[in-house]
Amino acid sequence: METVIEVKNLDLGYDGFPVLRGIDFSVKKGEVFVIMGGSGCGKSTLLKAMIGLNPPQKGEILYGGVDFWKADEQRRQEMMRRFGVLYQGGALWSSLTLQENVALPLQMYSSLSAPQIQDLAILKLGLVGLGAYADFYPVELSGGMKKRAGLARAIALDPDIIFFDEPSAGLDPLSSRALDDLILELRDNLGATIVVVTHELASIFAIADNSLLLDADSGGAIAQGSPGNLLTGSKDPRVTGFLTRGEKRS
Amino acid sequence: MPDKIVFDYSKEGLVRVELSGDWRITAGCPLAEEAFSRISSRGGISGAELSVSPGFKWDSAFVSFLIQLEHLLKEKKIALSVTGLPEHAQKLFLIAQHPQIAHGGHREGPKEPFFDIVGGGILRTKYAFLSVLEFLGEIVISFNRLFRGRAFFRKDDFFLIVQRCGIDALGLVSLITLLVGVILAFIGAIQLRMFGAQIYIADIVGIAMVRVMGAVMTAVLMSGRTGASFAAELGIMQSNEEIDALKTLGVSPVEFLVVPRILALAVMMPLLTLYADLMGIIGGFVISTAILGLNPVEYINHTLSAVSLTNLWLGLIHSFVFGLIISVSGCYRGLKCERSSAGVGEATTSAVVTAITYIVIATAVITFVCQIIGV
């Protein structure tokens with residue numbers, strides 16, 4: 001399968017303070033790749049570097065073989081247009097209705113007619129189960145609905161890669177499960193590659209084809225592979241400990 | 001469009017439509033109306049069969065095209081067959097048939113009758129009035145608790161607010177009130193020069209600044225600066241559920257957040273106004289002596305004799321009332337803010353507009369009362 005993301009020898013940090021060192025991994029097309037780890041291990045820092053919010057201190061992030069951070073501004077913007085990002089709280093624009101939230105990226109980056117954009121926005125809302133809420137404002141929605149609406153906006157431009165930052169955070173188990181199913185459906189229906197940052201074990205086992213486990217103490221990745229294989233095959237107590245909620249450490 | 005769609009009418013009653021090329025969002029999609037007009041241009045067509053040629057590229061923009069085309073064909077009772085399309089496109093098109101999506105997903109409801117709108121407006125006004133009364137009542141209760149030493153009140157917060165709405169505002173107040181003094185002097189000079197009574201510029205500037213202008217100008221500045229900041233701060237606290245956290249802790253938000261703000265502004269406004277009065281008089285003095293050629297000593301003497309203690313007290317009363325208006329408006333709008341960033345913006349604007357409106361009304365009322373009692 002074609003490799004769409006390659007991360008090579010990546011160092012990340014803030015103001016010279018190191019957070020992660022020597023991160024290497026790759027993500028294949030159509031794969032659900034989970035970046036997991038305990039709180040404060042640098043998951044979100046890694047995500048921010050991957051979506052263009054924080055430059056790395058060293059190393060490369062390649063999309064389709066092109067170094068994201070070494071590309072010129074215009075090229076980087078073009079690459080970012082192929083990303084969809086679902087932020088933790090949905091990050092919807094509160095002064096716009098859900099339909100307007102989803103339509104905005106389409107208005108900015110497509111030459112489609114206004115009725116086409118309107119239909120497309122409602123289709124995307126329908127894909128996340130919010131077809132009946134097109135005229136609602138974010139303030140009128142529950143936390144789970146906001147996340148789904150945020151997802152509808154993230155997939156507005158049919159991105160090649162969709163990034164999820166803690167999609168299950170703040171959701172009840174059923175909503176969390178529904179969102180996991182939605183992630184898999186989107187992967188199947190839109191053919192997108194999915195990168196998820198989370199520490200929710202139920203979600204990790206439900207959706208991940210491949211995963212990377214980060215560790216705060218060592219400031220780097222300690223395991224890579226499918227969560228099932230890591231659970232059965234890893235001899236590292238940190239890996240088995242994380243994947244069994246501390247029940248099994250060897 | 002013609003390059004992307006080929007129409008084949010060879011079979012009786014059926015149009016075969018072959019799609020090719022790039023139909024993705026970024027490339028743009030042909031309009032469904034154009035395809036529809038070509039399909040329905042010939043009589044006796046009862047079906048349209050879509051297929052794609054090799055290399056056909058699509059995403060959900062293509063599905064949007066299909067939705068529109070099907071909608072148009074349905075009106076002409078022409079069946080649309082999509083079995084020749086890529087499997088995922090068929091699947092997405094099927095999802096789009098869901099009633100919520102197919103019907104546009106808009107809120108539906110009958111148009112509200114006229115009397116409902118009027119009645120709703122009256123009820124909203126009533127509730128808004130009651131809500132203000134409730135807020136004012138809470139303030140009175142909180143101050144009562146404060147004076148009895150029972151209020152939950154952080155002195156550090158109070159001094160921080162005093163600094164922010166007092167010392168930090170000095171620069172802005174200096175600049176504006178100095179210029180107001182300059183403007184008053186110039187306007188006075190134009191009129192008084194005709195009568196050779198330019199020295200009375202000192203009286204005009206002194207009385208105007210001390211009696212009302214110093215307080216009004218300071219109040220307008222403070223409502224834009226501090227009132228808006230109170231509304232935004234409390235509004236963001238409201239959207240972050242910080243106010244809820246206080247309530248569940250059993251702490252009155254009015255006591256904890258509003259009282260220190262009202263107190264700080266009620267104390268600082270008279271002090272800022274005194275300072276503004278002085279700056280305005282200095283502005284008038286500089287212009288009158290340096291440009292209009294008046295004698296400095298004479299100007300100062302005139303100012304001292306014109307500005308009475310009554311004027312000074314009146315100015316201070318104005319400023320105290322304005323301080324209450326600005327802080328109460330800012331805090332009320334902030335606490336009643338909708339839990340969204342747009343709500344915070346509205347609360348801020350509303351706080352400034354409310355404060356300035358009531359400042360003007362209060363000025364008119366105080367002036368009217370002074371007129372009646374002969375002050």
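Give the number of residues within segment A:110-123 that are within 26 Å of the chain's Cα centre (by Cα) and more than 7 Å from chain B (Cβ to nearest Cβ).
So the answer is 3.
For the residues B:Leu257, B:Leu324, B:Leu265, the requirement of being closer than 26 Å to B:Leu170 by Cα and open to solvent by 30 Å² or more (accessible area, probe 1.4 Å) singles out B:Leu324.
Is there a residue in segment A:190-198 that is free of Cβ contacts under 8 Å to residues at least 60 places away in the same chain and open to solvent by less than 50 Å² (accessible area, probe 1.4 Å)? Within segment A:190-198, one or more residues are free of Cβ contacts under 8 Å to residues at least 60 places away in the same chain and open to solvent by less than 50 Å² (accessible area, probe 1.4 Å). Taken over segment B:14-25, the criterion of being more than 14 Å from every other protein chain (Cβ to nearest Cβ), of a type outside the set (A, V, I, L, M, F, W, C) and outside any loop (DSSP other than H, G, I, E, B) is satisfied by B:Arg16, B:Glu18.
Here's the yes/no breakdown for (1) open to solvent by less than 40 Å² (accessible area, probe 1.4 Å); (2) charged (D, E, K, R):
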position	(1), (2)
B:Thr310	no, no
B:Ile317	no, no
B:Tyr332	yes, no
B:Glu338	no, yes
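Quick check on my filter: what residues within segment B:56-72 are part of a loop (DSSP other than H, G, I, E, B) and open to solvent by less than 10 Å² (accessible area, probe 1.4 Å)? Within segment B:56-72, no residue meets the criteria.
Going through A:Glu60, A:Glu78 one at a time, which residue ends up being open to solvent by 20 Å² or more (accessible area, probe 1.4 Å), under 22 Å from the mean Cα position of the chain (by Cα), within 10 Å of another protein chain (Cβ to nearest Cβ) and modelled with pLDDT of 85 or more?
Sole residue among the options that is open to solvent by 20 Å² or more (accessible area, probe 1.4 Å), under 22 Å from the mean Cα position of the chain (by Cα), within 10 Å of another protein chain (Cβ to nearest Cβ) and modelled with pLDDT of 85 or more: A:Glu78.
Which of the residues spanning segment B:349-365 are surrounded by 20 or more Cβ atoms within 10 Å (Cβ to Cβ) and within 14 Å of chain A (Cβ to nearest Cβ)? Residues satisfying the conditions do not exist here.
For every residue, the table says whether it meets (1) at pLDDT 90 or above; (2) among the polar types (S, T, N, Q); (3) in the same structural domain as B:Thr273 (by TED's automatic domain parsing).
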{"site": "B:Ser142", "(1), (2), (3)": "yes, yes, no"}
{"site": "B:Asp157", "(1), (2), (3)": "no, no, yes"}
{"site": "B:Ser174", "(1), (2), (3)": "yes, yes, yes"}
{"site": "B:Asp203", "(1), (2), (3)": "yes, no, yes"}
{"site": "B:Ser223", "(1), (2), (3)": "yes, yes, yes"}
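So which residues in segment A:70-126 are acidic (Asp, Glu) and not assigned by TED's automatic domain parsing to the domain that holds A:Phe164, if there are any at all? Residues satisfying the conditions are A:Glu100, A:Asp119. For B:Leu192, the stated conditions do not hold, so it cannot be described as under 21 Å from the mean Cα position of the chain (by Cα) and in a helix (DSSP H, G or I). Inside segment A:7-42, residues that are open to solvent by less than 10 Å² (accessible area, probe 1.4 Å) and under 20 Å from A:Asp180 (Cα atoms) make up a count of 7.
Screening A:Ile207 against (1) more than 14 Å from chain B (Cβ to nearest Cβ); (2) open to solvent by 20 Å² or more (accessible area, probe 1.4 Å) leaves a single unmet condition, (2). Answer yes if at least one residue in segment A:81-100 is open to solvent by less than 10 Å² (accessible area, probe 1.4 Å) and within 11 Å of chain B (Cβ to nearest Cβ), and no otherwise. Checked segment A:81-100: at least one residue is open to solvent by less than 10 Å² (accessible area, probe 1.4 Å) and within 11 Å of chain B (Cβ to nearest Cβ). Within the span defined as segment A:90-100, one or more residues are in contact with a Lys or Arg (Cβ under 9 Å, 6 or more places away or on another chain) and part of a helix (DSSP H, G or I).
Within the bounds of segment A:132-148, is there any residue that is within 18 Å of B:Trp58 (Cα to Cα) and not in a helix (DSSP H, G or I)? No, that holds for no residue.
Among the residues of segment B:289-299, which ones are free of Cβ contacts under 8 Å to residues at least 60 places away in the same chain and either under 17 Å from B:Ala208 (Cβ atoms) or exposed (fewer than 12 other Cβ atoms within 10 Å of the Cβ) (or both)? Answer for segment B:289-299, where residues must be free of Cβ contacts under 8 Å to residues at least 60 places away in the same chain and either under 17 Å from B:Ala208 (Cβ atoms) or exposed (fewer than 12 other Cβ atoms within 10 Å of the Cβ) (or both): B:Ala290, B:Gly293, B:Val297.
Pick from segment A:207-230 the residues that are touching a residue at least 24 places away in the same chain (Cβ under 8 Å) and assigned to a helix (DSSP H, G or I): which of them is nearest to A:Asp181 (Cα to Cα)?
Initially, segment A:207-230 is screened for residues touching a residue at least 24 places away in the same chain (Cβ under 8 Å), giving A:207-216, A:219-221, A:224, A:227.
Now narrow it down to the ones that are assigned to a helix (DSSP H, G or I): A:207, A:227.
Details: A:Ile207: 8, A:Pro227: 17 Å.
Per the criteria, the residue is A:Ile207.
If you check B:Gly44, B:Gly28 for being at positive phi, assigned to a loop (DSSP other than H, G, I, E, B) and away from chain A (no Cβ under 14 Å), only one passes: B:Gly44. Residues in segment B:1-55 that are within 17 Å of B:Gly84 (Cβ to Cβ), open to solvent by 60 Å² or more (accessible area, probe 1.4 Å) and either within 48 Å of the chain's Cα centre (by Cα) or among the aliphatic types (A, V, I, L, M) (or both): B:Val6 alone.
Matching residues to (1) open to solvent by less than 10 Å² (accessible area, probe 1.4 Å); (2) closer than 26 Å to B:Lys57 by Cα; (3) in a strand (DSSP E or B):
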{"site": "A:Ile122", "(1), (2), (3)": "yes, yes, no"}
{"site": "A:Ala152", "(1), (2), (3)": "yes, yes, no"}
{"site": "A:Leu157", "(1), (2), (3)": "no, yes, no"}
{"site": "A:Ile162", "(1), (2), (3)": "yes, yes, yes"}
{"site": "A:Pro167", "(1), (2), (3)": "yes, no, no"}
{"site": "A:Asp188", "(1), (2), (3)": "no, yes, no"}
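Just checking, does segment B:328-336 include any residue being among the β-branched types (Val, Ile, Thr) and either at positive phi or at pLDDT 95 or above (or both)? Taking every residue of segment B:328-336 in turn, at least one turns out to be among the β-branched types (Val, Ile, Thr) and either at positive phi or at pLDDT 95 or above (or both).
Farther than 30 Å from B:Glu134 by Cβ, in contact (Cβ under 8 Å) with a residue 40 or more places away in the chain and open to solvent by 50 Å² or more (accessible area, probe 1.4 Å), is that true of B:Val286? Judged against the criteria, B:Val286 is a match. Within segment A:124-142, is even one residue among the polar types (S, T, N, Q) and either open to solvent by 70 Å² or more (accessible area, probe 1.4 Å) or within 7 Å of chain B (Cβ to nearest Cβ) (or both)? No. Kindly indicate whether A:Asn54 is within 14 Å of chain B (Cβ to nearest Cβ) and either in contact (Cβ under 8 Å) with a residue 24 or more places away in the chain or under 29 Å from A:Leu212 (Cβ atoms) (or both). When the stated conditions are applied, A:Asn54 does not pass them.
The values are calculated or read from the model by the stated rules, or taken from the named source; none is laboratory data. Bear in mind that the values here come from a model prediction, so they are computed numbers and not experimental data. Virtual Cβ from ideal backbone geometry, glycine too; neighbours counted across all protein chains shown. Ligands, DNA and RNA are excluded from the accessible area calculation, which covers all protein heavy atoms including side chains. Shrake-Rupley method; radii C 1.70, N 1.55, O 1.52, S 1.80 Å.
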